[in-house]
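Here is the structure we will look at, set down as structure tokens.
The values are calculated or read from the model by the stated rules, or taken from the named source; none is laboratory data. Everything numeric here is computed off the predicted structure, so don't read it as measured data. Neighbour counts run over all protein chains shown; Cβ positions are idealised from the backbone, glycine included. Areas reflect the complete protein model, heavy atoms only, side chains present, ligands, DNA and RNA absent. Shrake-Rupley method; radii C 1.70, N 1.55, O 1.52, S 1.80 Å.
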Amino acid sequence: SCISQAPTCNNVEKSPNELPKARFWEAMDICQWEGFWFEPGLVKPAITFRSTFQARDDDVLLASTPKTGTTWLKALSLCIMHQNQEHDILTMENPHFHVPTIESTIYSTKPQKSDLYDASAPRLVHTHLPHAVLPDSVKNSACKIVYIARNPKDTLISMWHFFNSIFRPNQEPFPLEKAVDCFCAGVYQYGPFFEHVVEYWQESQKRPEKILFLKYEELKTDPKGQVCKIAEFLGRPFGSEEEAEDVVQRCCLERLKNLEVNKSGSILFNVPNTSYFRKGEVGDWKNYLTPEMEDKINQTSRIKLHPFGLFF
Ligand code: A3P
């Protein structure tokens, strides 16, 4: 496979040491590359991915900014792509194992467990990278992209829980007010949220046959309809309504959360598999954000998302 070749780094790029830096949540250094923030260890893998990845026409690339439903999309896409197989792939490993996030696994300096190296076509991979830095071969081949977005307030609350569980497991949570400021300023791993969503949205409008733009909220209200849409987009329509319903059931949060493979262990660095599954509700932000915090996010959304008719 073309990505089994040893990746080479592009020396023309700045090294992470020369990039603008910030501290995220008093816990982690991040640096700004191509307008987005990354932990420094991800910049080289991202550059290598961009300059060496050779997409195949039948590849499927899932994309998202963190905490918008990535795990769910990975699970659903796996079931859709493996429709005719007898075994239930979701019971074998966590979805992040089967569908690696490419910049933090394959091209990482600390490669994680992944079977992508010998994956037989069609390959299913994921990225959190913004659209602008995707490899040309992804943009120019027939490979399909499925993007999942979520409303900013639930994304922020989901992220707040997630990072609290990772960085401050036995401590007070990071002050939510500061987390809101961080989110609005976009200064966190893979931020800013708003530009990430808008870039993919605009591309999906230009090339609807190439990029399918999904919303977490629509997946919640009409899972079967949305799952059929994904399957058709990927050229794998279901034979019957029951098949689509079966995929929805197999990927529901309660089921995934309770599968043995997701109750322990860790696929990526120190992120426990359990931390990918929490509440999965629309509007959970109402339980956390004060009117002032809500206002701050609304103001940013009004400027950045409203012009595109997104999440307002
Ligand atoms: P909450 O924190 O709001 O519960 P990501 O996978 O991009 O990290 O996103 C995580 C969010 O998706 C979490 O949201 C998590 O609970 C939710 N989630 C994970 N699996 C899901 C599923 N099968 N169905 C619906 N939501 C899911």
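Using amide H atoms built in the peptide plane, which far-off residues or other-chain residues are under 5 Å from A63 H to H?
Under 5 Å from the amide H of A63 lie the amide H atoms of T127, V146, Y147, I148, each far enough along the sequence or on another chain.
Give me the extension gain from S264 to D136: residue separation times 0.36 nm, minus the current Cα-Cα distance, reported in nm with one decimal.
42.3 nm
Of all the accessible heavy-atom surface of the chain, with the other protein chains kept in place and a 1.4 Å probe, what percent is carbon and sulfur?
Roughly 50 percent, rounded to a whole number.
Roughly how many Å² of K224 are accessible to a 1.4 Å probe, to the nearest 10?
Here the accessible area works out near 60 Å².
For the chain, what is the percent of antiparallel DSSP beta bridges, rounded to the nearest 5?
On the way: 9 of 24 bridges.
Of the beta bridges lying entirely in the chain, close to 40 percent run antiparallel.
Grab the beta carbon distance between C252 and A27, set R0 = 41 Å, and tell me the FRET efficiency rounded to 0.05. If you can, show how the numbers build up before the last one.
On the way: r = 32 Å, r/R0 = 0.79.
The pair C252/A27 has a calculated efficiency of 0.80.
From Cα pairs below 8 angstrom and at least 6 apart in sequence, can you work out the relative contact order of the chain, rounded to a whole percent?
With pairs under 8 Å counted, the relative contact order is 22 percent.
Semi-axes of the equivalent ellipsoid of the chain: what are they in whole Å, largest first, if each equals the square root of 5 times a C-alpha gyration tensor eigenvalue? It would help to have the intermediate numbers written out before the result.
Details: eigenvalues 149, 119, 81 Å².
In descending order the semi-axes read 27, 24, 20 Å.
Top mean-square fluctuation among S77, S108, S165, Gaussian network model of the chain, C-alpha springs under 10 Å?
S165
Using the Karplus curve 6.51 cos²θ - 1.76 cosθ + 1.60 with θ = phi - 60°, what ³J(HN,Hα) values do you get for each residue of the range 284-297, in whole Hz, with x for Gly and Pro?
Values per residue, Gly and Pro as x: 4, 4, 4, 7, 10, 7, 6, x, 5, 5, 4, 4, 4, 5 Hz.
Hey, quick one: spin label on D181, modelled 7 Å out along Cα-Cβ, who in the range 11-52 has an amide N within reach, i.e. under 17 Å?
22-28
Could you tell me the accessible area of L19 in Å² (1.4 Å probe, neighbours in place), rounded to the nearest ten?
Roll a 1.4 Å probe over it and L19 shows about 20 Å².
Give me Rg over Rh for the range 171-312, both radii from the alpha carbons and Rh done the Kirkwood way, two decimal places. Intermediate values should be presented prior to the final figure.
Working: Rg = 18.0 Å, Rh = 18.0 Å.
Ratio of gyration radius to Kirkwood radius: 1.00.
Put a dot 7 Å past each Cα toward the Cβ at F167 and N84; how far apart are the dots in nm?
Distance between label points: 4.7 nm.
So between K14 and Q299, what do we pick up on full extension, going 0.36 nm a residue minus the alpha carbon distance?
Full-extension gain reported as 99.2 nm.
Add -39500 (n - 2.57) for each DSSP H run of 4 or more in the chain, then divide by its residues: what number comes out at 222 nm, to the nearest 500 deg cm²/dmol?
The helix-only estimate for the chain comes to -11000 deg cm²/dmol at 222 nm.
What length, rounded to one decimal in nm, is gained on full extension from Q202 through to E218, with 0.36 nm per residue of separation minus their alpha-carbon distance?
Contour length minus Cα-Cα distance gives 3.9 nm.
In sequence order, what are the phi-derived ³J(HN,Hα) couplings for the range 221-235 according to the Karplus relation 6.51 cos²θ - 1.76 cosθ + 1.60 with θ = phi - 60°, rounded to whole Hz, with x for glycine and proline?
Each residue's phi maps through the Karplus curve to give 7, 9, x, 5, x, 5, 5, 5, 4, 4, 4, 5, 4, 8, x Hz.
Evaluate the range 116-241: find the radius of gyration of its Cα atoms, find its Kirkwood radius, and give the ratio Rg to Rh. Intermediate values should be presented prior to the final figure.
On the way: Rg = 17.3 Å, Rh = 16.9 Å.
When Rh is taken as the Kirkwood radius, the ratio is 1.02.
I need the peptides 210-222, 141-153, 169-181, 276-288 ranked by packing, meaning the mean over residues of other C-beta atoms within 10 angstrom, with the highest value on top. Display every interim value, and only then the final one.
Values: 210-222: 18.3, 141-153: 22.2, 169-181: 12.9, 276-288: 15.6.
Packing proxy ranking, top to bottom: 141-153, 210-222, 276-288, 169-181.
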